[in-house]
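The values are calculated or read from the model by the stated rules, or taken from the named source; none is laboratory data. Worth saying up front: this structure is predicted, and the values here are computed from it rather than measured. Every residue, glycine among them, receives a Cβ derived from its backbone with ideal geometry; neighbour counts consider all protein chains shown.
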Amino acid sequence: MKVSIRTRVVLGFVLMVALIIVTGVAGYVGLRSAIEQAELYRTLAIETSVAGRLESHVLLLHNAVDEYFISGDQQAIWDFDYQLALTKRVVKQVNKGSATAQTRAILEEVDDSLKRTEKNFQRLRELDARRNEIQSSDAADKTDLLKNIAVEKQDVHESCEFEETRIANSVESARESIKTRQEAIDSKLQESFRVTTIVVATAGIAEAVIALLVASLFVRLITRPIGVLEQIVRRSPSVAFRFGSAPPWPVDYVSENVRQLGYSLDDFYSGRKSFVDMVHPEDLEMVMTKLREYSRERDQTEFSREYRVITGAHETRWMDERMWVMPNDKGQIAHFEGILLDITERKEAEQNLAREQAARASIRETFGSYLSEEVVNEILESPEGINLGGEMRDITVLVSDLRGFTSMTESLGCRHVLEIINRYLETMTEIVLRHGGTIDEFMGDGILVFFGAPRPFPDHFRRGIRCAIDMQAAMEEFNKEGLRLGQPPLQMGIGINCGELIVGNIGSHKRKKYGAVGSPINVAFRVEAQTTGGEILVTPAIFNRLSEELVVGTVRQTHLKGLDGPVALYPIVALKTAENSLG
């Protein structure tokens, strides 16, 4: 067509020159206007997507709050932490790539809401902890305190619901603004089209044939709807596609963004590749099953799924697919249309979060039953400091046992025996945890305690001595309470040793626990066997480290099984640097 126009210009049609110039300018202006509006459409599409994603994530976050408010279980706390981390990540990603005031306004609202929601959720957990403390206490105003906590929890929950409503209103307002701007863009496009058409029609009076040709070209380049769509698709990170409704699923259309996956347009148009060929072998059966289901479906026309693909560079990427079933005039499936969005980063974030939660759960399961909550939380804050696989560690071993309790149980009923032993172990457990000890095992009326593992203490030997003195001191009050309950008095012996041991998870796949292996444990048991009621005996390994701080009784020389020669055992009377002693 251009050659024909230039030929006419050469023949002297001056008016044609003017027509070409006017038509070219009008076409250029119209094309630029359409491209600019398409860019605005892309921005609006991003803002709409951002609003929807954030609304969805905030809704899931507040659902987790509601679930915790109703059930108060640990799963709800994990769900909240997961949704909070995911929402923060989405806000961070969108904020990094956002350049529109509307989007930034939404992000500011969401960020404020997340901070308030996180604070409110923390308050709910604090109130639950306080409620549990009150329920286990004997406070006279227990009922009133519980009512006050319930009222405050309701207020905090209503505050969370208010945040959800606030975000919803903000997003709805943003959507109304987007709709208004879309209408303005449509109006501008229509006005641009009208002006350009008038100019071209006026130029057509001078040369009808060429005006028609120019108008036809203009209509093809500017007014056809696919023109704007192509501009949006070209600027979108998604891969748009259309393929047939039956095997071998021939590709009718694929956007240029498919090059991001390492494939060319010709790979698909030539039939060398189909979208099914890209699917990861482990996900292929699932994808094919779903595709066959879509082919038979008549009621549902929109589908979504997530799966992995193999790129042209042999990399594995996660894709989020949205697909629509497009029927023909007879109601039969004509073809499938859809988009693919790379969600590899999101999937990796979800997997990393899942691994982190699994690691935290494993640590809590391993140590929760024999460490205080504060120590478990400290380990969770720095899990790299704990080697569950096994390591050599210098620790202190404390072994305690009740004197004559086994023979005493023969004259007591089962219920009374359990009442006594449980009350005794409860008292001793509280003292051990207070001194940072790790209760490795309850052996009937005996207790095996570590100091210095898994949580390292430079003064583990001193902590063991202090703990033993407090344990013996507690027996006096324990026996007073026992006499009030009609229970016989008890006496306890304690043996303490220290040394290098292997500590870590011990056991089989079906059952394992954190423990220690080494001769210092055996020595501690044999030292404890030498004690009398109310006595604490320590080995030279302990005494040599604290000789300047210990007040000891008469040293006895004893032969211990497995050791050559007699061993000096030191009865502990007091610890000079501590305000406690054996009275």
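Would the range 472-485 turn up any residue that is in contact with a strand residue (DSSP E or B) (Cβ under 7 Å, 6 or more places away or on another chain) and buried (at least 18 other Cβ atoms within 10 Å of the Cβ)? Spell out the reasoning first.
Here is the first cut: in the range 472-485, the ones in contact with a strand residue (DSSP E or B) (Cβ under 7 Å, 6 or more places away or on another chain) are 472-473, 475.
Then drop every residue that is not buried (at least 18 other Cβ atoms within 10 Å of the Cβ), which leaves 472, 475.
Yes, the range 472-485 has at least one match.
State all residues of the range 145-179 that are of a type in the set (S, T, N, Q) and more than 15 Å from residue 126 (Cα to Cα); if no residue qualifies, say none.
Of everything in the range 145-179, those that are of a type in the set (S, T, N, Q) and more than 15 Å from residue 126 (Cα to Cα) turn out to be 159, 165, 169, 170, 173, 177.
Which residues, taken from the range 277-293, are of a type in the set (A, V, I, L, M) and over 14 Å from residue 305 (Cα atoms)? Don't jump to the end; show me each part of the working.
Here is the first cut: in the range 277-293, the residues of a type in the set (A, V, I, L, M) are 278-279, 284, 286-288, 291.
Correct list: 278 only.
Could you pull out the residue among 533, 493, 486, 482 that is in a strand (DSSP E or B) and more than 22 Å from residue 390 (Cβ to Cβ)? Step through it out loud before you land on a result.
Details: 533 fails: in a strand (DSSP E or B); 486 fails: in a strand (DSSP E or B); 482 fails: in a strand (DSSP E or B).
Testing whether each residue is in a strand (DSSP E or B) and more than 22 Å from residue 390 (Cβ to Cβ) leaves just 493.
Residues are listed down the side, and each one gets a yes or a no for (1) surrounded by fewer than 17 Cβ atoms within 10 Å (Cβ to Cβ); (2) hydroxyl-bearing (Ser, Thr, Tyr); (3) touching a Phe, Trp or Tyr at 6+ places or on another chain (Cβ under 7 Å):
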{"position": "513", "(1), (2), (3)": "yes, no, no"}
{"position": "520", "(1), (2), (3)": "no, no, no"}
{"position": "526", "(1), (2), (3)": "no, no, no"}
{"position": "544", "(1), (2), (3)": "yes, no, no"}
{"position": "554", "(1), (2), (3)": "yes, yes, no"}
{"position": "566", "(1), (2), (3)": "yes, no, no"}
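Return the pair list, or none, for Cβ contacts closer than 6 Å from residues in the range 268-291 that are touching a residue at least 24 places away in the same chain (Cβ under 8 Å) to residues that are in a helix (DSSP H, G or I) and surrounded by 13 or more Cβ atoms within 10 Å (Cβ to Cβ), at least 6 apart or on different chains.
279/287
Give the residue that is nearest to the chain's Cα centre (by Cα), with candidates limited to residues of the range 444-456 that are under 14 Å from residue 500 (Cα atoms) and assigned to a loop (DSSP other than H, G, I, E, B). Give the derivation first.
Start the filter on the range 444-456 by keeping residues that are under 14 Å from residue 500 (Cα atoms), which leaves 450-454, 456.
Now restrict to residues that are assigned to a loop (DSSP other than H, G, I, E, B): 452-454, 456.
On the way: 452: 31, 453: 29, 454: 26, 456: 29 Å.
It comes out as 454.
As an exercise: evaluate residue 567 against (1) among the hydrophobic types (A, V, I, L, M, F, W, C); (2) in a helix (DSSP H, G or I); (3) in contact with a Ser or Thr (Cβ under 9 Å, 6 or more places away or on another chain) and give the number of the one condition it does not meet.
So residue 567 meets the others, but not (2).
Here is a yes/no grid of residues against (1) part of a loop (DSSP other than H, G, I, E, B); (2) at pLDDT 95 or above; (3) over 50 Å from the mean Cα position of the chain (by Cα); (4) more than 30 Å from residue 479 (Cα to Cα):
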{"residue": "513", "(1), (2), (3), (4)": "no, no, no, yes"}
{"residue": "516", "(1), (2), (3), (4)": "no, no, no, yes"}
{"residue": "524", "(1), (2), (3), (4)": "no, yes, no, no"}
{"residue": "551", "(1), (2), (3), (4)": "no, no, yes, no"}
{"residue": "578", "(1), (2), (3), (4)": "yes, no, no, no"}
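Could you list, in sequence order, the residues of the range 435-465 that are of a type in the set (Val, Ile, Thr) and surrounded by fewer than 20 Cβ atoms within 10 Å (Cβ to Cβ)? So that I can check it myself, show each step before the final result.
At the first step, the residues of the range 435-465 found to be of a type in the set (Val, Ile, Thr) are 438-439, 447, 449, 465.
Within the range 435-465, 439 is the sole residue that qualifies.
Any idea which of (1) assigned to a loop (DSSP other than H, G, I, E, B); (2) crowded, with 21+ Cβ neighbours inside 10 Å is the one residue 468 doesn't satisfy?
Result: residue 468 fails condition (1) only.
Residue by residue, here is whether (1) crowded, with 18+ Cβ neighbours inside 10 Å; (2) at pLDDT 70 or above; (3) part of a helix (DSSP H, G or I); (4) in contact with a helix residue (DSSP H, G or I) (Cβ under 7 Å, 6 or more places away or on another chain) holds:
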{"position": "227", "(1), (2), (3), (4)": "no, no, yes, yes"}
{"position": "248", "(1), (2), (3), (4)": "no, yes, no, no"}
{"position": "273", "(1), (2), (3), (4)": "yes, yes, no, yes"}
{"position": "299", "(1), (2), (3), (4)": "no, no, no, no"}
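Return a yes/no flag: does the range 492-507 have any residue that is in contact (Cβ under 8 Å) with a residue 12 or more places away in the chain and under 23 Å from residue 413 (Cβ atoms).
Of the residues in the range 492-507, the ones in contact (Cβ under 8 Å) with a residue 12 or more places away in the chain are 492-505.
Right, trim to under 23 Å from residue 413 (Cβ atoms) and you get 492.
Within the range 492-507, one or more residues are in contact (Cβ under 8 Å) with a residue 12 or more places away in the chain and under 23 Å from residue 413 (Cβ atoms).
Within the set of pairs 6 or more residues apart or between chains, which connect a residue that is under 15 Å from residue 258 (Cα atoms) and in the same structural domain as residue 253 (by TED's automatic domain parsing) inside the range 314-328 to a residue that is loosely packed, with under 14 Cβ neighbours inside 10 Å and among the polar types (S, T, N, Q) with Cβ atoms less than 9 Å apart?
Between residues of the range 314-328 that are under 15 Å from residue 258 (Cα atoms) and in the same structural domain as residue 253 (by TED's automatic domain parsing) and residues that are loosely packed, with under 14 Cβ neighbours inside 10 Å and among the polar types (S, T, N, Q), the close pairs are 320/304; 321/304.
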